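Just below is one structure, and these are the notes that go with it.
The values are calculated or read from the model by the stated rules, or taken from the named source; none is laboratory data. Fair warning: this is a prediction, and the values are worked out from it, not measured in the lab. Note that we place each Cβ from the backbone using ideal geometry, even for glycine, and neighbour counts take in every protein chain shown.
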Amino acid sequence: MKTTLLRRMAALSLTVMTLTGFSSGTVVSAAGRTAPSAVTAAAVAAPYLFAANQDGTLTITQYTGHDAAVRIPSTINGKQVTAIGASAFVNCTTVKSLFLPKSVRTVSGTAFVGCHDLTAFQVESGHAYYTVADGVLFNKSRSTLVAYPGGKTGAYTVPNTVTLIDSHAFSECNTLTAVTIPTSVKTIGFNAFALCKGLTKVTLNEGLTTIKTGAFNGCSKVTLVTLPKSLTTLESYAFSFCRSLKSMVIPSKITSLPFSLFEGCTALRYVQIPSGVKKVYSNAFRNCVSLTSVRLPKAVTNIYGLAFCGCHQLTNLTILSTTAQMQPIAFDDCPNLTIYGKKGSTAEAAAKAAGIPFSTQTAPAQSLSTVTAAKKTVTVKAKAIDGTGPYRFAVYYLAPNSKVWREVQDYSTNNTISFAATRSGTYQVVIRIKDAANRITQTNTAVDVK
């Protein structure tokens, strides 16, 4: 499994480097300089493999030992060790602490991915490039969070000195459960939280402007992420394969939905897309099998191939633009889809070419209602999208071990409805929403009352 995950990450890294023109041999140091590429074949000084740099210093390319406490040597064979290379400690599960000498001035972002027992970094006193706080590795000024120990457990709040969470900084930190990112942080780097399997809660604050490629890729337990209004850049794979993510509101400054943004988000049911979005790239919603309704704004100019491929429950796709360019394959394997748009539009032509039903009517309402229980009180927050407002809401429930459905509300404009539970157990709840055209949508759900 670890090998498979690393291959996926390596493939993603290679793709991004190819698209952006970055070389995989280039590493940026904590001081902002570029480390020289290795120019000689790797040599061995147990328990390390290393390579010589152009300036005569050494880069450690692989650790082959099994120690719990690792102290990086400042010299090997009389030559100064100045860099920790890509993947140097990948999957070294015996390492629990790691010490950096003052000689090290460059650490690759992928150096410690998969070190699931590593609980703390340490640096030599007076280090010119790096510092440590609570076991976490930062650059000297603490403006960049460089690496988080993969075995550190629980929730973590990023210090408010940090402006950049570096590439791979938290990758595969499986015991990280929640993270709070302060207003000081402007950029979340490439694959920064990729494959954090235990991460359930992400708190992003205003001030964040950029979420780089793959930042939260594969965070399979995250259910909700609220993106700040300050966000201007959202890159490919940012939330791909977040299999528990249920909804997302895209901020108004975002102008495109990039490649594979939500691919494989199998629980994703609702995405609010702002009016300024112009492009929906390939695979953006691929295999979002729970997605039911999407509204694309008038600003959209392009919908690229396979953008909605495999969205099996997608029934309503409203395309407000009349001239957007799109390929029929953008809607492949969407067996329940109807496209809604203007007569004579490019949406109508694409629907016809794909053999998809097309309608000039307003799409039916879709329910986004939630049901919660606390202290024997069940609360329904009824919400609808699409359709024609105003909406009216009806709620019914069936108590455990009962055969009689009870009516709580019958098509009122009130959209927050509560009722008292008379016993513990599982309650079946039905929410019906009627729009101004008297079209009805219904959601059946269940809630446990303790």
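For the reader, a short list of remarks on this structure follows.
- Residue check, residue 361 surrounded by fewer than 13 Cβ atoms within 10 Å (Cβ to Cβ) and closer than 30 Å to residue 326 by Cα: yes
- Selection of region 96-107 for residues being under 18 Å from residue 171 (Cα atoms), surrounded by fewer than 24 Cβ atoms within 10 Å (Cβ to Cβ) and touching a strand residue (DSSP E or B) at 6+ places or on another chain (Cβ under 6 Å) yields only 97.
- Given (1) touching a strand residue (DSSP E or B) at 6+ places or on another chain (Cβ under 7 Å); (2) over 26 Å from residue 389 (Cα atoms); (3) at pLDDT below 95; (4) not charged (D, E, K, R), number of the condition residue 330 does not satisfy: (3)
- Residue satisfying all of: in region 188-222; in contact with a helix residue (DSSP H, G or I) (Cβ under 9 Å, 6 or more places away or on another chain) and not polar (S, T, N, Q); surrounded by the fewest Cβ atoms within 10 Å (Cβ to Cβ) among these: 212
- Among the residues of region 365-398, those identified as on the phi < 0 side of the Ramachandran plot, out of contact with any strand residue (DSSP E or B) (no Cβ under 6 Å at 6 or more places or on another chain) and part of a loop (DSSP other than H, G, I, E, B) are 383, 388, 389, 390.
- Any hit, region 281-293, residues being surrounded by fewer than 21 Cβ atoms within 10 Å (Cβ to Cβ) and in contact with a Pro (Cβ under 9 Å, 6 or more places away or on another chain): yes
- The one condition in (1) in a loop (DSSP other than H, G, I, E, B); (2) of a type outside the set (Val, Ile, Thr); (3) more than 25 Å from residue 268 (Cα to Cα); (4) touching a strand residue (DSSP E or B) at 6+ places or on another chain (Cβ under 6 Å) that residue 437 fails to fulfil: (4)
- Pick from region 166-187, criterion out of contact with any Lys or Arg (no Cβ under 9 Å at 6 or more places or on another chain) and either of a type in the set (Val, Ile, Thr) or outside the structural domain of residue 220 (by TED's automatic domain parsing) (or both), ranking: surrounded by the fewest Cβ atoms within 10 Å (Cβ to Cβ): 183
- Filtered residues of region 229-248 (kept if in contact (Cβ under 8 Å) with a residue 40 or more places away in the chain and not in a loop (DSSP other than H, G, I, E, B)): 247
- Residue 296 vs. criteria under 19 Å from residue 248 (Cβ atoms) and aliphatic (A, V, I, L, M): yes
- Among the residues of region 129-161, those identified as of a type in the set (A, V, I, L, M) and buried (at least 23 other Cβ atoms within 10 Å of the Cβ) are 137, 145, 146, 147.
- Per-region count, region 95-142, residues polar (S, T, N, Q) and closer than 23 Å to residue 194 by Cβ: 5
- Scoring residue 317 on the criteria (1) buried (at least 18 other Cβ atoms within 10 Å of the Cβ); (2) in a strand (DSSP E or B); (3) over 25 Å from the mean Cα position of the chain (by Cα) leaves a single failure, condition (3).
- Residue match in region 347-356 (condition: surrounded by fewer than 15 Cβ atoms within 10 Å (Cβ to Cβ) and either more than 30 Å from residue 327 (Cβ to Cβ) or in contact with a helix residue (DSSP H, G or I) (Cβ under 6 Å, 6 or more places away or on another chain) (or both)): yes
- Qualifying residue in region 85-92 (condition: assigned by TED's automatic domain parsing to the domain that holds residue 164, over 23 Å from residue 196 (Cβ atoms) and hydrophobic (A, V, I, L, M, F, W, C)): no
- The residue list 101, 73 contains one member that is farther than 22 Å from residue 220 by Cβ, assigned by TED's automatic domain parsing to the domain that holds residue 47, in contact with an Asp or Glu (Cβ under 6 Å, 6 or more places away or on another chain) and not hydroxyl-bearing (Ser, Thr, Tyr), which is 101.
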